[in-house]
Each structure stands twice: as C-alpha cells, then as structure tokens.
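The values are calculated or read from the model by the stated rules, or taken from the named source; none is laboratory data. Given the structure is predicted, the values throughout are model-derived calculations rather than measurements. Reconstructed Cβ throughout: ideal geometry from the backbone, glycine too, with neighbour counts over all protein chains shown. Just so you know, the surface numbers come from the protein's heavy atoms only, side chains and all, with ligands and any DNA or RNA stripped out. Shrake-Rupley method; radii C 1.70, N 1.55, O 1.52, S 1.80 Å.
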Amino acid sequence: MPELPEVETIRRGLEPCVVGLSLESVTVTDQKVLDWSAKEGRLAAVEGQRIEAVSRRGKYLVMVLDRHYLIFHLGMTGQLTIRDPRRHDSAFFERTVTGLEWCEQHAPDRHTHLHLFLGDGRQLLFRDIRKFGRVYVLGRSAEELAAFFRVHRLGIEPFTSDYNLKAFLSGFKNRTLRLKSLLLNQSFVAGVGNIYADEALFEAGVHPARRVCGLRKAEKERLFLAVQKVLERGIEFGGTSFRDFVNSEGEKGTNQEKLYVYGREGEPCLTCGTPIVKTVISQRGTHFCPTCQPRGGKRL
DNA sequence: CGTTGATCCTGGGCGC
DNA sequence: TGCGCCCAGGATCAAC
C-alpha cells in the first residue's frame, strides 16, 4: 500500500532519471485509471512536454511539465517503474562474465495500464492490479494545484513547516472519532495509511480505539513526534513491501522487516513480549500491543 | 457538520 | 487439484 514513504521512495528514484527528458508519447490500455481530467484527449496534451521536476504531496506524486501537472495516486497496488526496452525484462538472463543474473525490470503485462515513452528511449510504466490508482492532468498554475489538493482535502504535509504541534493539536479539538480513524484521514495529516498509522500509535504508546478528544496533552505530543518518526524510518528503508510495493527500479523496500506491530499478529511485542493483537477499527485491520498501548492510557 | 459504512477491484490464501 | 469464499484497503460518496 503506497503511503507517503513509498511514494517518496518512488519520487526519489524517478527524479534523477526523468527530469530534463521529454514525454514523447502516452499510451493508455485501461481508461479506468484515468480521472475525468485525463480522459478524452486531455492526457494526450502532455505529449511533447519536458519533465521539469517530480514532487509529492501526501500520497500524490506530481510530475511538473512545461504546461501541465501530471499527477499519480497509486491507490492500493499501484506501481510506477522505469523500463528500458533495450534491457531484458524480469527474468534470469545470461551474462558472459558474471553468469546468471536476475533483472528486476518490470515487463508490461495485463495490469500495466499506462505507458509513458521518454525522450531517451526508456519508458515509465503505470501498473495497478486493483485499479484503485488514478492519473490526473492539471493546467500548470499554482492556483489549480492548490485547488486540486483542496478538493482532495489534503491536510498537514509532514517534513514541512506546516507540520507543527499547533496545527497537529487542532485535529483533536471537539472530535469523537477514534485515533486510528483520525490518522487515516488525509485531511488531518497527509500521507499516513494503514501501516504507518498502526506503527505511529505503537510508537506513541496509545491504543488505536481511543477517542481523540480523550487524549492527554502528553499523549498527543508523543503522537505528533511518532507520526513523523515512523514515516522517516519508512523512507530510510526504501518503503514497506508488504505485498506489491516496488520502487521505480522494480525493487522491494526493506521497512517490512522494521515494523513493530503491522502484520505481526500473535508474534511477541518487540518491547515487552506480549503477543500483538489484530482487530478491526473503522473497517481497517489494526495491530497493537495491549500492554504497551493500554486502553486507559499509560500510567507513568 | 461529524461520523460511519458501503463501494470499487483483483489476487492470494484458506477450507472442503 | 479445484472450486468457492473471503480478505486486503485508499478514497469517495451516501446516509444518519
């Protein structure tokens, strides 16, 4: 599930190899992944434009072109990979010197919905098994971009000056929803998904089912630091490849080996040894340690 | 307005 | 071995 760290990992991989190249042509094999803004020829408008930058806001990847923004949201299973057609695709191939080698490059298949042909002969492939991902085309103006993020209700951006304690605390005021729901809400902090929500709640030592208005100040402050900390770790280890995530080179991340609670149901808590519990909170699988994250809050 | 729940989509894992 | 069932979840939208 591409959350902020996974999208940032892709962004960092893409940036050095596509910036400065032209987007020669675009081929769509499934219209389903196109937002209305990219349908009926509006995506073809990007053909011939130069890629000036690759940026990110929350879980959205933004390619800055001459006259447009080309925006990707990867949904659940979306992948953006670079492919060099002059190289072998994912397969073992024979090298005269080093012998058998595994090539990570992703070959296009029936889940590859978009081909972007780049000026240097390489391709950028958008692949999405479950088709929850979307591609958007926006005119290149600050107003239009701001309106896009307003419409999609994106909240505080981690790792910027917007991510400050005052803004963070305002998300807790007069609200009755559970902590897990608050963290999954993109209008609170942009970029947190199911994995990092569970990890942040563990890091802060708070129970995911607690109501947000019932938190003590110290607990909110711990969560404020925890959210950014777990996202930072995710980026540091190249993203979490629980299932489908691969970076722009088609390689898996290693953050799945660093998780404390997500996907560890029944396994001992790395802090106290208590078996990790999995429940459902607001329709989402939720993992926590009942000892480190007691419902009544931690007594110090 | 705030909150909850259904919906989309496909592959994988499980039980029989 | 194979079939059917259910689960995974990000964002949106309807309903209360």
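Computed from phi, the 3J(HN,Hα) profile of the range A:143-153 under the Karplus parametrisation 6.51, -1.76, 1.60 (θ = phi - 60°) reads 5, 5, 5, 5, 5, 4, 6, 5, 4, 8, 6 Hz, with x in place of Gly and Pro. The fraction of accessible area contributed by carbon and sulfur in chain A is 50 percent, rounded to a whole number (1.4 Å probe; ligands and nucleic acids excluded).
Measuring gaps between exposed loop sites in chain A (chymotrypsin sites (Phe, Trp or Tyr not before Pro); DSSP loop; at most 15 other Cβ atoms within 10 Å), the longest gap, sites not included, is A:160-300. Lys/Arg Cβ at +1, Asp/Glu Cβ at -1, dipole of chain A taken about the Cα centre: which of A:His115, A:Leu145, A:Gln283 is farthest positive-ward? Value: A:Gln283.
For A:Val54, the residues whose amide H sits under 5 Å from its own are A:Val64, ignoring neighbours fewer than 5 places away on the same chain, with H placed 1.01 Å from N.
Protein heavy-atom accessible surface, 1.4 Å probe, per residue over the range A:4-151: 46 Å². Solvent exposure of A:Cys292, expressed as accessible area, is near 20 Å², computed with a probe of 1.4 Å over the protein chains only. For the range A:179-300, the solvent-accessible area with a 1.4 angstrom probe is 44 square angstrom per residue.
With respect to the cross-link table entries A:Lys39/A:Lys252; A:Lys59/A:Lys252; A:Lys217/A:Lys258; A:Lys59/A:Lys258; A:Lys39/A:Lys131, which display a Cα-Cα separation exceeding 25 Å?
A:Lys39/A:Lys252; A:Lys217/A:Lys258
Close amide H partners of A:Arg175, meaning residues 5 or more places away or on another chain with modelled amide H under 5 Å apart, are A:Cys213. Taking every DSSP helix (H) stretch of at least 4 residues in chain A, weighting each as -39,500 (n - 2.57) and dividing the sum by the residue count yields a mean residue ellipticity at 222 nm of -7000 deg cm²/dmol. Rounded to the nearest 20 debye, the dipole magnitude of the range A:4-151 is 380 debye, with +1 charges on Lys and Arg beta carbons, -1 on Asp and Glu beta carbons, and the Cα centre as origin. Shape class of chain A from the Cα gyration tensor (axes a ≥ b ≥ c, square roots of the eigenvalues): oblate, since a/c reaches 1.5 or more and a/b does not exceed b/c. Per-residue 3J(HN,Hα) values for the range A:33-46, derived from phi via the Karplus relation 6.51 cos²θ - 1.76 cosθ + 1.60 with θ = phi - 60°, read 7, 8, 6, 3, 5, 10, 8, 6, x, 5, 6, 4, 4, 7 Hz in sequence order (x marks Gly and Pro). With the highest mean first, a sort of the peptides A:21-29, A:272-280 on other beta-carbon atoms found within 10 angstrom per residue produces A:21-29, A:272-280. Rounded to the nearest 20, the size of the Cβ-charge dipole of chain A about its Cα centre is 1680 debye, with Lys and Arg at +1 and Asp and Glu at -1. Once Lys and Arg get +1 and Asp and Glu get -1 on their Cβ, which of A:Val246, A:Thr274, A:Thr81 lies farthest toward the positive end of the dipole of chain A? Working it through, the farthest residue towards the positive pole turns out to be A:Thr274. Placing unit charges on the Cβ atoms of the charged side chains and taking the dipole of the range A:166-243 about its Cα centre, the candidate lying farthest along the positive direction among A:Gly193, A:Val227, A:Leu179 is A:Leu179. Derived scalar couplings between HN and Hα for the range A:48-62 equal x, 7, 8, 7, 8, 6, 10, 10, 8, 9, x, 9, 8, 9, 10 Hz in order, rounded to whole Hz, by the Karplus curve 6.51 cos²θ - 1.76 cosθ + 1.60 (θ = phi - 60°), x for Gly and Pro.
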